[in-house]
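Q: The structure is given below, and queries will be raised subsequently.
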Amino acid sequence: MVSVLLAEQSYLLRKGLIHILRQFPEVGEIEILGSQLGIGEVLQHFEPDLLIVNSAITAASPDKKWDSLLPEGCRLLHIINTGLPQGAPENQLSIYDSKVALTDKISKALKTISADKAQEESEELTPREKLILQHVALGKTNKEIAADLFISTHTVISHRKNITRKLDIKSVSGLTVYAILNGIINMEDIS
Amino acid sequence: MRIHADMKMADLVHLNFEVLAVVQRLQIPFGFKDKTISDVCREHNINVDFFLQLVQWFNERENFPQEQLIQGDAQWLVRYLHHTHQCYLNYQIPRIEKEIEFLEQLPDMPDHSARLMLEFFREYIREFTEHIEDEENTTFPYILALGNTLSGNMDLETFRKRYKTYTIDKYLEHHSDLEEKVFDLQSILLRHLPPPSSNCHFTNLLLEISRLGNDLKDHTLLEENVLIPKARQMELELNQGSTNQ
């Protein structure tokens, strides 16, 4: 499922875009923001796969602090409040675009996201991931795991992301419960 | 559907039972008889605009009244959030804890699994309580003091003395995610635990957890997208005001 964050001030535009987004079965949760206020927190929290944001909202926070908060792999579509010249980038939606044009652009963005997701999507944990999970459940930090297994912390983080995605469990204590239930560690191993 | 102040309170509840949460958290007693929303709010000294903004949002989810809520008086939001905390701590969370305790007695639960779940949830309760105490003891009084200073009910010097270094950013530094573990618990129960036979019980537990999770999402939205921007706005106003003097 693709999660979408829509940051747009206009109620009418929001309604219209949600209507189009809902036509795609792969679109899951849609979160809405009516201004730039709190956008950083929501991005961090909600971790959308697609951010559709009005250019007036991007302009309202010119330091673009939240830009660095975009979760990895999150695509961006801009809503432009004017017409677009010929050959404008595919990631710009004009408020004057026809439904066909909008659907087309959104569909392309969704396709790339779905393709990215399909690549990573296999639900079973690999033996490597199980090993990492074992270390996480024993309470080790990324750094310690990296040192134990002779890999970089970056690799540990990327494994952990995959584990969380596959199991749908984010917290360390949740992962520990899973690890015990599945015999990856023993109850006695943890104090 | 547009909800307006002349609508009967009882009709509003019939329209959408979810708004009962708002009624409860603003401590409005039942027994509405034929009274309108504005009658009931006036009787109980509730800001009718605030009430309408919340129930309208509960009724039409994709339309979060962020700007109106930020413009409103912060004391109403703080009051609402405070009673929401009470509801979690005194009712929703203990209920879930009891339900998990009950799982332990089921004969077909795999070894240790209920105990694990219970320990996981109790650890969560500890974190949750800490988080809420921090808000109740520090953040909320700070925001109320900000409002009082701006409206002239507290003098600037007292405020400055009391909050020499505290700003809303301090709160954000250790503002942890309260929903995360609730959704983890839901995943473990739903996806990773062999299904116990007492389905009715198990389903009920899942429903309660999902209700708490969704409610916490609303709570976080109100905190992150209304309370914090509102506090920042007031801090700015206060700083500008004091440099102008």
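The values are calculated or read from the model by the stated rules, or taken from the named source; none is laboratory data. What you are looking at is a predicted structure, and each value in this text was computed from that prediction instead of being measured. Note that we place each Cβ from the backbone using ideal geometry, even for glycine, and neighbour counts take in every protein chain shown. The area values use the complete protein model at the heavy-atom level, side chains included, leaving out ligands, DNA and RNA. Shrake-Rupley method; radii C 1.70, N 1.55, O 1.52, S 1.80 Å.
Q: Take the residues in segment A:19-38 that are in contact with a strand residue (DSSP E or B) (Cβ under 6 Å, 6 or more places away or on another chain) and buried (at least 18 other Cβ atoms within 10 Å of the Cβ); name whichever of them is nearest to A:Ile95 (Cα to Cα).
A: We begin by selecting, within segment A:19-38, every residue in contact with a strand residue (DSSP E or B) (Cβ under 6 Å, 6 or more places away or on another chain); these are A:21, A:26-33.
If we keep only those that are buried (at least 18 other Cβ atoms within 10 Å of the Cβ) too, we end up with A:21, A:27, A:30-33.
Details: A:Leu21: 15, A:Val27: 21, A:Ile30: 20, A:Glu31: 20, A:Ile32: 18, A:Leu33: 18 Å.
Taking the candidates together, the pick is A:Leu21.
Q: Further, regarding this structure: Which is within 14 Å of chain B (Cβ to nearest Cβ) and acidic (Asp, Glu), of A:Glu123, A:Glu129?
A: A:Glu123
Q: With the requirement that a residue be closer than 18 Å to B:Asp11 by Cα and either assigned to a helix (DSSP H, G or I) or free of Cβ contacts under 8 Å to residues at least 12 places away in the same chain (or both), what does segment B:50-62 give you?
A: The answer is B:Phe51, B:Leu52, B:Gln53, B:Leu54, B:Val55, B:Gln56, B:Trp57, B:Phe58, B:Asn59.
Q: Follow-up. Considering only segment B:156-211, how many residues are touching an Asp or Glu at 6+ places or on another chain (Cβ under 8 Å), open to solvent by 70 Å² or more (accessible area, probe 1.4 Å) and closer than 30 Å to B:Gln240 by Cα?
A: Residues meeting the conditions: 1.
Q: Right, another one. Among the residues of segment B:212-245 satisfying the criterion of being among the hydroxyl-bearing types (Ser, Thr, Tyr) and in contact (Cβ under 8 Å) with a residue 12 or more places away in the chain, which is surrounded by the most Cβ atoms within 10 Å (Cβ to Cβ)?
A: My answer is B:Thr220.
Q: Considering only segment B:25-46, how many residues are loosely packed, with under 15 Cβ neighbours inside 10 Å and under 23 Å from the mean Cα position of the chain (by Cα)?
A: 5
Q: Can you work out which of the residues in segment A:6-18 that are surrounded by 16 or more Cβ atoms within 10 Å (Cβ to Cβ) and within 12 Å of another protein chain (Cβ to nearest Cβ) is farthest from A:Ile113 (Cα to Cα)?
A: A:Gln9
Q: Do we have any residue at all in segment B:50-57 that's in contact with a Gly (Cβ under 7 Å, 6 or more places away or on another chain) and either more than 14 Å from chain A (Cβ to nearest Cβ) or open to solvent by less than 20 Å² (accessible area, probe 1.4 Å) (or both)?
A: yes
Q: While we're here: Which residues, counting only those in segment B:142-155, are more than 18 Å from the chain's Cα centre (by Cα) and either modelled with pLDDT under 90 or open to solvent by 50 Å² or more (accessible area, probe 1.4 Å) (or both)?
A: Selection gives B:Asn148, B:Leu150, B:Ser151, B:Gly152, B:Asn153, B:Asp155.
Q: Considering each of B:Leu212, B:Leu172 in turn, give the residue that is modelled with pLDDT of 90 or more and either at the interface with chain A (Cβ under 10 Å from one of its Cβ atoms) or more than 19 Å from A:Glu41 (Cα to Cα) (or both). Talk me through it step by step, then tell me what you get.
A: On the way: B:Leu172 fails: modelled with pLDDT of 90 or more.
Exactly one residue qualifies, and that residue is B:Leu212.
Q: Going through segment B:9-19 one residue at a time, which ones are surrounded by 14 or more Cβ atoms within 10 Å (Cβ to Cβ), among the hydrophobic types (A, V, I, L, M, F, W, C) and closer than 18 Å to B:Arg61 by Cβ?
A: Of everything in segment B:9-19, those that are surrounded by 14 or more Cβ atoms within 10 Å (Cβ to Cβ), among the hydrophobic types (A, V, I, L, M, F, W, C) and closer than 18 Å to B:Arg61 by Cβ turn out to be B:Leu12, B:Val13, B:Leu15, B:Val19.
Q: With A:Asn186, A:Asn142 as the choices, which residue is open to solvent by 70 Å² or more (accessible area, probe 1.4 Å), more than 16 Å from B:Leu185 (Cα to Cα) and of a type outside the set (Lys, Arg)?
A: The conditions single out A:Asn186.
Q: Looking only at helices (runs of 4 or more DSSP H) that fall completely inside segment A:3-120, which ones have 1 or more residues that are over 23 Å from B:Leu178 (Cα atoms), aromatic (Phe, Trp, Tyr) and more than 20 Å from the chain's Cα centre (by Cα)? Give the steps one after another, and end with the answer.
A: On the way: elements: A:11-21, A:39-46, A:55-60, A:99-120.
Filter on segment A:3-120 gives A:11-21.
Q: What are the residues in segment B:151-204 that are outside any helix (DSSP H, G or I) and among the hydroxyl-bearing types (Ser, Thr, Tyr), if any?
A: B:Ser151, B:Tyr163, B:Thr165, B:Tyr166, B:Thr167, B:Ser176, B:Ser197, B:Ser198
Q: Among the residues of segment A:156-191 satisfying the criterion of being more than 22 Å from B:Asp111 (Cα to Cα) and within 8 Å of chain B (Cβ to nearest Cβ), which is farthest from the chain's Cα centre (by Cα)?
A: Applying the filter and picking the extreme gives A:Ser171.
Q: Turning to a different aspect of this structure: For residues that are more than 13 Å from chain A (Cβ to nearest Cβ) and in contact (Cβ under 8 Å) with a residue 60 or more places away in the chain, scanning just segment B:104-123, find the one that is farthest from A:Gly183 (Cα to Cα).
A: Within segment B:104-123, the match that is farthest from A:Gly183 (Cα to Cα) is B:Leu106.
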